[in-house]
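Trainee: Just dropping this structure here.
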Amino acid sequence: MQLNDLLNHTSEWLKGTGPHSDIVMSSRVRLARNLEGRLFPHWASKAQAEETMNILKQVIERNDYLKKTTFFRLADLDSVDKQFLVERHLMSREHASKPDSKAIVMEDGEIISIMINEEDHLRMQVMKSGFDFLESWEIMNQIDDSLSKELTYAFSSELGYLTACPTNTGTGMRGSVMLHLPALVIARTIEKVLAAISKLSFTTRGLYGEGTQAIGNFFQISNQVSLGHNEDEIISNINGLIRQVIEHEEQARAILIKQQKAFLEDRVWRGYGILKNAVIISSQETTELLSMVRLGADLDILKDIDRRTINELFILIQPAHLQKLEGKKLNSQERDEKRARIIRSKLVK
């Protein structure tokens, strides 16, 4: 697989399928694992980190569960390539920022990705479309069990799996769900919901995770603590919380339709009109307008555009994707023009 092949492939989390996919864009499980007797990546020398990377590469390449994956050294990728992978949620911004002795392993369908030598030796990720957290965990559990037959993980009988960051120690598991919550934002009740979430030891981030703000009414909710909880407890807690958030958003949408239908339709059609006719448009404005168009499609206000097309646009309009599609680096003005052309062509279809 070549990176450019992904341009013609719809990421699993963008398909707009799965349970509650009108509100839940994706469900993701991450596991942090480290090798026994080896320094964490931040403490290791370059030679030690290279050795760890090569050990993991060999084990992954002969693993039956990971046969359809491709290994990329980050040092071999340019800045656009790395940003491209961040935009597709296949690796973190932190992983891309310091590429020495690091790698990314990706499955063809983009369900599975593995960061090598990020904060931990292994950061394994499984991501599914919609509210499919349990299946994501089942896939992850199989991969973890399979790799553990050849790898000895750093583990404490008292603390659990040992990780570079204490908040991941224990199961090493982070579950996160990406939600589209425009009705709660419009109703101005989102802050109450987020405040309640934080009291339950969950954290809320933006579209691109840690350090990012919520734009386009997208919120990524994940567990904060791994220590002292087993995997089943974490899964149960996340599932219970997300079901409550979905209910709040569904109620807010029903109230909007009943009490402010004209206002809602106006927001949706204005957003659609701007996107369909703009000649120059920024990524932030596009994301915010696409949020309203997606809501309009989900509520059957817009009947000629499907969720999958809108989801794909969220990614195609990002800077690295625009430059990949154009086949060269673009300045800010050129990206804004390219973005508008892609949106117009997609919405006309």
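Trainee: Identify the residue in region 131-152 that is assigned to a loop (DSSP other than H, G, I, E, B) and not hydrophobic (A, V, I, L, M, F, W, C) and, among all such residues, is nearest to Gly18 (Cα to Cα). Show your work before the answer.
Mentor: Quick first cut of region 131-152, residues assigned to a loop (DSSP other than H, G, I, E, B) only: 131-132, 149-152.
Restricting the remaining residues to those that are not hydrophobic (A, V, I, L, M, F, W, C) gives 132, 149-150, 152.
Values: Asp132: 7, Lys149: 32, Glu150: 34, Thr152: 35 Å.
Filtering region 131-152 for residues that are assigned to a loop (DSSP other than H, G, I, E, B) and not hydrophobic (A, V, I, L, M, F, W, C), the one nearest to Gly18 (Cα to Cα) comes out as Asp132.
Trainee: Which of the residues belonging to region 321-333 are under 12 Å from Ser283 (Cα atoms), surrounded by fewer than 20 Cβ atoms within 10 Å (Cβ to Cβ) and not hydroxyl-bearing (Ser, Thr, Tyr)?
Mentor: Passing the criteria: only Gln333.
Trainee: Identify, please: which residue in region 98-153 is of a type in the set (A, V, I, L, M, F, W, C) and more than 30 Å from Asn4 (Cβ to Cβ) and is, among those, surrounded by the most Cβ atoms within 10 Å (Cβ to Cβ)?
Mentor: Taking the candidates together, the pick is Phe133.
Trainee: Could I ask something else about it? Name the residues in region 146-201 that are in contact with an Asp or Glu (Cβ under 8 Å, 6 or more places away or on another chain), over 22 Å from Leu241 (Cα atoms) and modelled with pLDDT under 90, would you?
Mentor: Cys165
Trainee: I need a count of the residues in region 317-349 that are within 19 Å of Lys276 (Cα to Cα) and touching a Leu at 6+ places or on another chain (Cβ under 7 Å).
Mentor: The total comes to 8.
Trainee: Which of the residues that make up region 290-321 are outside any loop (DSSP other than H, G, I, E, B) and hydrophobic (A, V, I, L, M, F, W, C)?
Mentor: Leu290, Met292, Val293, Leu295, Ala297, Ile310, Leu313, Phe314, Ile315, Leu316, Ala320 - these are the residues of region 290-321 that are outside any loop (DSSP other than H, G, I, E, B) and hydrophobic (A, V, I, L, M, F, W, C).
Trainee: Identify the residue in region 277-303 that is surrounded by fewer than 15 Cβ atoms within 10 Å (Cβ to Cβ) and more than 17 Å from Asp22 (Cβ to Cβ) and, among all such residues, is nearest to the chain's Cα centre (by Cα).
Mentor: Filtering region 277-303 for residues surrounded by fewer than 15 Cβ atoms within 10 Å (Cβ to Cβ) gives 277, 279-280, 284, 300, 303.
Now drop any that are not more than 17 Å from Asp22 (Cβ to Cβ), which leaves 277, 279-280, 284.
Details: Asn277: 29, Val279: 29, Ile280: 27, Gln284: 17 Å.
It comes out as Gln284.
Trainee: May I ask you to list the residues in region 334-349 that are of a type outside the set (D, E, K, R) and surrounded by 14 or more Cβ atoms within 10 Å (Cβ to Cβ)?
Mentor: Those that are of a type outside the set (D, E, K, R) and surrounded by 14 or more Cβ atoms within 10 Å (Cβ to Cβ): Ala340, Ile342, Ile343, Leu347.
Trainee: Looking at (1) touching a helix residue (DSSP H, G or I) at 6+ places or on another chain (Cβ under 9 Å); (2) buried (at least 18 other Cβ atoms within 10 Å of the Cβ); (3) at pLDDT 95 or above; (4) not acidic (Asp, Glu), which is the only condition Gly216 fails?
Mentor: (3)
The values are calculated or read from the model by the stated rules, or taken from the named source; none is laboratory data. Please read all numbers here as calculations on a predicted model, not as lab measurements. Every residue, glycine among them, receives a Cβ derived from its backbone with ideal geometry; neighbour counts consider all protein chains shown.
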